[in-house]
Amino acid sequence: MAKLRLNLACWNYDRTRALADGSVQPDGIDLNYLDLPVEETFFRMLRYHEFEVAELSLSSYTVSLFAEQRPFIAIPVFPSRFFRHSCIYVNADAEIHTPKDLIGKRIGTPEYQMTAPVWIRGILSEHYGVPVDSVTYYTGGEEEPGRSEKIRLDLPPNIKVQPIGETQTLSAMLASGEIDALYSARMPSTFSLRRGAAVHRLFANYKEVEQEYYRQTRIFPIMHTVAIRRDVYEQNRWVAQALYKAFVEAQRRTYEDLYMTAALKAMLPWLTSHVEETRALMGDDFWAYGFESNRALLATFLRYHHEQGLSKRLLEPEELFAPETMESFKI
């Protein structure tokens, strides 16, 4: 019997390498792995629905659930997770020394609906007393002019968002002081660790700050999920579970590789120590897939998404994923 051929657009992560090289194959699926950077994948999937399956911004996916015809259905696989305290960059002359100093400032963000800024704004509001509507957001290309929101947004009037000029970039504006700070997933090219640099991080000791945040909340923020085009899913409901199982197996192999001591499989001299330190803080399954272990985290994200005017109503975590992937058989 012929396998169902599906194109998967996803970056080249260690946790998906076994899917890319074919050593893990989803049941009944001939998977064509397209190694694409996330910005390209998101743009092509959200604008044109080019791929049957794709890594997708958790925020963009959540926004898509409010479309009249919902284009995608996700599975509880999270190829990208990232603590984002390290991703708040400030201009050295803006007199921003603590989070509350951000109030009233000009904040760059490539797109308002990006997942990383959703987490940053939510964390700043909930844990540091910086209301989401206490700043003005400037959107546009971080390194290239002309970037726009991938999805049309209908924000409440208290959220102040305006695009930058057609020839401007957020990275250059941050260095020149035209904006005071930047919330972004990518490190801006104008950032430097050298003393006296024009752009630096708000949290210089971000590792300690992020570890303490995890101790308090048990949250390792999810950035991306995996979405199936809904027409493909409706015609082949079994693909959701087949893909989920394959992603889990590919990740399991990476967990093993990270703790292999015969020879280091990643170019980090103290990789073993890093894994042991991470497990001590976060447990063995520190990058958990699946619904139940991530339910509380997802509820926090959905609350932030709604509070920031991106969700028309507060969604329940159960509304995000294909039901076939939220429970399994038992023997």
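Once you place label points 7 Å from the Cα toward the Cβ at Q69 and T98, how far apart are they in nm?
Label-label distance for Q69 and T98, simple model: 5.3 nm.
Over the chain, give the accessible area per residue in Å² for a 1.4 Å probe, as an integer.
With all protein chains present, the chain gives 48 Å² per residue.
Sequence gap at least 6, Cα distance under 8 Å: using those rules, report the relative contact order of the chain to the nearest whole percent. Walk me through the intermediate numbers first.
Numbers: 572 pairs, mean separation 83.2, N = 331.
Across the chain, relative contact order equals 25 percent.
For the chain: lysine pairs with Cα atoms under 24 Å, gap of 8 or more or different chains, count?
Taking the chain as the scope, the lysine pair count is 10.
Semi-axes of the equivalent ellipsoid for segment 172-331, please: Cα gyration tensor eigenvalues, times 5, square-rooted, ordered largest first, whole Å. Provide the component values of the computation, followed by the final result.
On the way: eigenvalues 217, 131, 53 Å².
For segment 172-331, the ellipsoid semi-axes come out as 33, 26, 16 Å.
Counting residues in the chain as N, plug N into 2.2 N^0.38 Å and put the Cα Rg over that result.
On the way: Rg = 20.2 Å, N = 331, 2.2 N^0.38 = 20.0 Å.
Against the compact-globule rule of thumb, the ratio is 1.01.
Which far-off residues, 5 or more places away or on another chain, put their amide H under 5 Å from the one on N7, with H placed in the peptide plane?
N32, E52, V53
Whole angstrom only: what separates the Cα centroid of segment 2-47 from the Cα centroid of segment 103-146?
30 Å
Could you tell me which GluC sites (Glu not before Pro) in segment 227-331 are loop residues by DSSP with no more than 16 other beta carbons within 10 angstrom of their beta carbon?
Counting only loop positions with at most 16 other Cβ atoms within 10 Å, the GluC sites (Glu not before Pro) in segment 227-331 are E327.
Roughly how far apart, in whole Å, are the Cα centres of segment 148-182 and segment 217-289?
About 33 Å separates the Cα centre of segment 148-182 from the one of segment 217-289.
If you take every DSSP beta bridge whose two residues both sit in the chain, what share of them, in percent to the nearest 5, is antiparallel? Mind dumping the intermediate values first?
On the way: 17 of 36 bridges.
About 45 percent, rounded to the nearest 5.
Could you list the GluC sites (Glu not before Pro) in segment 102-171 that lie in coil according to DSSP, counting only those with at most 15 other Cβ atoms within 10 Å of their Cβ?
In loop regions of segment 102-171 (DSSP not H, G, I, E or B), the sparsely surrounded GluC sites (Glu not before Pro) are E143, E166.
How do M173, M187 stack up against each other in accessible area, from largest to smallest, with a 1.4 angstrom probe?
Correct descending sequence by accessible area is M187, M173.
Report the GluC sites (Glu not before Pro) located in segment 25-105 that are in a DSSP loop and have at most 16 other Cβ atoms inside 10 Å of their Cβ, or state none.
E50, E68, E95
Using label points projected 7 Å from each Cα along Cα→Cβ, tell me how many nm separate A2 and F286, to one decimal.
The answer from the label model is 4.6 nm.
At a 1.4 Å probe, what is the % contribution of carbon and sulfur to the accessible area of the chain?
Carbon-and-sulfur percentage of accessible area, whole number: 51.
The values are calculated or read from the model by the stated rules, or taken from the named source; none is laboratory data. From a predicted model like this one, the values you see are computed outputs, not experimental measurements. Glycine also receives a Cβ, built like all others from the backbone with ideal geometry; neighbour counts cover every protein chain displayed. To get the accessible areas, we keep the full protein, side chains included, count just its heavy atoms, and leave off ligands, DNA and RNA. Shrake-Rupley method; radii C 1.70, N 1.55, O 1.52, S 1.80 Å.
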